[in-house]
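Beneath this line is the structure, given in structure tokens, with notes to follow.
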Amino acid sequence: MKRRIFSIFICLLAFAHAFGASDRIYFVGGFNNWDISHPKVVTADSDGLFVTEIDFSDNREFKLSSVNPEGDWNRFDTGTLYPVASVDEDEWTGLEVHPKSANIKAPAKKTLTVKVDLDNMRIMFSTGASGQKPWSGTLPVMYINTEGKTPVTSKDTYLQAAYWLDPMGVEGVEAIGSADEQAAMQIRGRGNYTWLGFEKKPYRIKLDKKTPLLGMAKSKHFALLAHADDSAAGLRNALGFSASEILGMPWTPATQPLEVVLNGDYIGLYWLTETIRVDKDRVNVEEQADGAVSDVDGGWLVEIDNYDSDPHVTVMNSFGQPIWFTYKSPEILSSEQEAYLKSAMQSIQNALASHNETAASTLVDFDVLARYFIVNQLMLDMESFHGSCYLNRQRGEAEKWKFGPVWDFGNAFSQGRGDNPRFIFDHPEFSQHWIGEFYKIPAFVDAVKNVWKSFLNGGPEQLCVSVESRARQIAVAVVNDARRWPAYSHADIGVQASRLESWLGNSVEWLKKQWGADTAVEAVGADSFNLMADDGVLHVRSERDMDLPIYTVDGMTRILSVRKGENSFSLPDGFYIAGGRKIMIKGGN
């Protein structure tokens, strides 16, 4: 016994000497979503313990190390830890630095909570129910299990999977399935830089049947956005989406936070988000068939892309740089479709190069582009017309190309957020395709200023409400996410929200100097209209024509075009605020 204690003591000294204090440890094994480049990472909790839950149903052997392998097994093995005796449930077992490398065998083939205490060099396994849960309990939790617990390693090939959604008591969220009755789905990776550049991965999911996840419109198609590139835990994206809604873009993807457990591994705070696709509830254009040879003028959904690897057509801009237009719908082009798309994009380029206002305004919807531009200018998103920049067109000879919907504000406020903001097209680091040329057209600038004046009628205040509401919504979950992903997340979400509000304020004040500080309509006074609700319908009796901002208690905003006299609007159930008044809609859709 004395020899064993002495051995543990020597190993502890060797461990401390070789590796120093560690704030994270690494697991690899056949138990969950892992590979040599991306092991399961666990950080210490407030008590200095490393606590995680692992599903050992298929394979109960794993390796534990204090060293990130970073793709190199030899590096990983320099920090491999191993129990000094066989392990049993609910008992601490001593750990030592193994002279070579060896697998640890969990005591049972089931989900277990693993606790590692590096201060005292010991490990314990216990049933999941008795361990500390890694999720916050303040947001819904989505559990996803791939078939055979296969790791998600491809962003091109879907894996068969099953899921269930636990509302965790969040009001208004319906449970979907259960651990015993899981619903079918598929999952794969998504993104380009966000897929390759971060350990916390984004995913695309395809449900077996259309489902209204987290109250969103029924669909099979959603994204689980990791926002590892956003130190504000997704608040940049949420703010950009709110700006899009307030500024009246034709459609903005809905997004809601939740926590995700993938193959038994808590992978943190995610934002469930509607994907951009042609659909009556999303980009509402008439879908044309892949490979069509006639009637190819619409509908279209394309993206100005910053990667030339996806199927695309190319047009050179006025500075000799390629603009890659990746086509999303249709996905496979006939020669006629390809010729039409290339000709359409070249026509816009020609109009801009020649500063032909008539041609440009005939081809592109200036009002929608103005709203899209203001959203991205407010957010100081220097990549907005460089990548993830969508355009769509409805079928019909007289139809115009419309910019949008908005997507990806991970780069928002990265430049010009202090005392010297500037137009996004003046930034030299990124190629802001076309928008600088559009801004040389007087009719487009007039459209921008008109939309801006309307936005100033309560828009900035509503954006601040949205930031604060979202920050409260994720305040607890972001702490758990920061524990899981310390390199990407920040537990001080209140500080992050304040920074965003400050940067937004700087942006608004600078733009007032460029486009004016006057509003297009008078502020909406509570004495200028009356509200009444019944059977899911909001009735507004107004003394004049006006744009009436109406928003939910969580900060989501709509602008109602109210005419003098009686008006009726069908709205989803819930509490709404208009002109300082609170009203409940009940019995709607």
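The values are calculated or read from the model by the stated rules, or taken from the named source; none is laboratory data. Predicted model, so just to flag it, every value in this text is computed and none were measured. Glycine also receives a Cβ, built like all others from the backbone with ideal geometry; neighbour counts cover every protein chain displayed. The accessibility values were calculated without ligands, DNA or RNA, using every heavy atom of the protein model including side chains. Shrake-Rupley method; radii C 1.70, N 1.55, O 1.52, S 1.80 Å.
Remark: pairs (first residue in segment 68-79, more than 14 Å from VAL41 (Cβ to Cβ); second residue in a helix (DSSP H, G or I); Cβ separation under 9 Å; 6+ apart in sequence or on different chains) = THR78/ALA18; THR78/PHE19.
If you go through segment 128-154 and keep only what is at pLDDT 90 or above, open to solvent by 60 Å² or more (accessible area, probe 1.4 Å) and part of a loop (DSSP other than H, G, I, E, B), you end up with just THR153.
May I ask you to verify whether GLU171 is modelled with pLDDT under 95, touching a strand residue (DSSP E or B) at 6+ places or on another chain (Cβ under 9 Å) and not polar (S, T, N, Q)? For GLU171, the condition - modelled with pLDDT under 95, touching a strand residue (DSSP E or B) at 6+ places or on another chain (Cβ under 9 Å) and not polar (S, T, N, Q) - is not met. Residues in segment 480-490 that are surrounded by 18 or more Cβ atoms within 10 Å (Cβ to Cβ) and either aliphatic (A, V, I, L, M) or closer than 21 Å to TRP503 by Cα (or both): ALA482, TYR488, SER489. Note on segment 44-70: residues that are of a type in the set (S, T, N, Q) and either assigned to a strand (DSSP E or B) or farther than 24 Å from LYS149 by Cβ (or both) amount to 4. For segment 155-169, what are the residues that are open to solvent by 60 Å² or more (accessible area, probe 1.4 Å) and either more than 20 Å from the chain's Cα centre (by Cα) or polar (S, T, N, Q) (or both)? Residues satisfying the conditions are THR157, GLN160, GLY169.
For every residue, the table says whether it meets (1) in contact with a helix residue (DSSP H, G or I) (Cβ under 8 Å, 6 or more places away or on another chain); (2) surrounded by 21 or more Cβ atoms within 10 Å (Cβ to Cβ); (3) touching a residue at least 12 places away in the same chain (Cβ under 8 Å).
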residue	(1), (2), (3)
GLY189	yes, no, yes
ALA217	no, no, yes
ALA223	no, yes, yes
ALA228	yes, yes, yes
LEU239	yes, yes, yes
ALA243	yes, yes, yes
VAL261	no, yes, yes
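Every condition in (1) in contact (Cβ under 8 Å) with a residue 40 or more places away in the chain; (2) part of a loop (DSSP other than H, G, I, E, B); (3) within 16 Å of the chain's Cα centre (by Cα) holds for GLY172 except the one numbered (3). Which residues, counting only those in segment 462-475, are of a type in the set (S, T, N, Q), in contact with a strand residue (DSSP E or B) (Cβ under 8 Å, 6 or more places away or on another chain) and open to solvent by less than 50 Å² (accessible area, probe 1.4 Å)? Passing the criteria: GLN462, SER466. If the condition is being of a type outside the set (S, T, N, Q), assigned to a loop (DSSP other than H, G, I, E, B) and over 14 Å from ARG24 (Cα atoms), then segment 71-92 contributes GLY71, ASP72, VAL84, ALA85, VAL87, ASP88, ASP90, GLU91, TRP92. Out of ASP310, ASP297, ASP305, ASP381, one residue alone is of a type outside the set (Gly, Ala, Ser) and within 14 Å of TRP401 (Cα to Cα). It is ASP297.
Regarding SER178, is this residue under 20 Å from ALA477 (Cα atoms) and not basic (Lys, Arg)? The answer is no for SER178.
Filtered by the rule that a residue be outside any loop (DSSP other than H, G, I, E, B), modelled with pLDDT under 75 and open to solvent by 50 Å² or more (accessible area, probe 1.4 Å), segment 552-589 gives ARG558, ILE559, PHE575, ARG581, LYS582, MET584.
In segment 100-127, the qualifying residues are those that are open to solvent by 80 Å² or more (accessible area, probe 1.4 Å) and over 30 Å from MET168 (Cα atoms), and the one that is modelled with the highest pLDDT is LYS105.
Among the residues making up segment 192-215, those that are in a loop (DSSP other than H, G, I, E, B) and in contact with a helix residue (DSSP H, G or I) (Cβ under 9 Å, 6 or more places away or on another chain) are LYS200, LYS201, PRO202.
Looking across segment 138-188, the residues that are under 16 Å from ARG204 (Cβ atoms) and basic (Lys, Arg) come down to LYS155, ARG188. For ASP45, indicate whether it is acidic (Asp, Glu), on the phi < 0 side of the Ramachandran plot and modelled with pLDDT under 65. For ASP45, the condition - acidic (Asp, Glu), on the phi < 0 side of the Ramachandran plot and modelled with pLDDT under 65 - is not met. For segment 174-209, taking the residues that are among the small types (Gly, Ala, Ser) and farther than 17 Å from ASP230 by Cβ, the one that is modelled with the lowest pLDDT is identified as ALA179. Taking segment 384-421 only, how many residues are at pLDDT 85 or above and more than 24 Å from the chain's Cα centre (by Cα)? Qualifying residue count, segment 384-421: 9. Does VAL445 fit the bill of being part of a helix (DSSP H, G or I), among the β-branched types (Val, Ile, Thr) and open to solvent by 40 Å² or more (accessible area, probe 1.4 Å)? Answer is no for this residue. Taken over segment 43-82, residues that are surrounded by fewer than 19 Cβ atoms within 10 Å (Cβ to Cβ) and more than 19 Å from ASP23 (Cβ to Cβ) amount to 9.
Condition check: more than 24 Å from ILE54 (Cα to Cα), under 12 Å from the mean Cα position of the chain (by Cα) and in a strand (DSSP E or B). Does PHE241 satisfy that? No: the conditions fail for PHE241. For ILE424, the stated conditions do not hold, so it cannot be described as of a type in the set (A, V, I, L, M), more than 27 Å from ALA233 (Cα to Cα), crowded, with 21+ Cβ neighbours inside 10 Å and out of contact with any Lys or Arg (no Cβ under 9 Å at 6 or more places or on another chain). Checked against (1) under 30 Å from LYS200 (Cα atoms); (2) surrounded by 14 or more Cβ atoms within 10 Å (Cβ to Cβ), GLY459 passes all but a single condition, namely (1). Go through segment 503-530 residue by residue and tally those that are outside any loop (DSSP other than H, G, I, E, B) and modelled with pLDDT of 90 or more. Count: 13.
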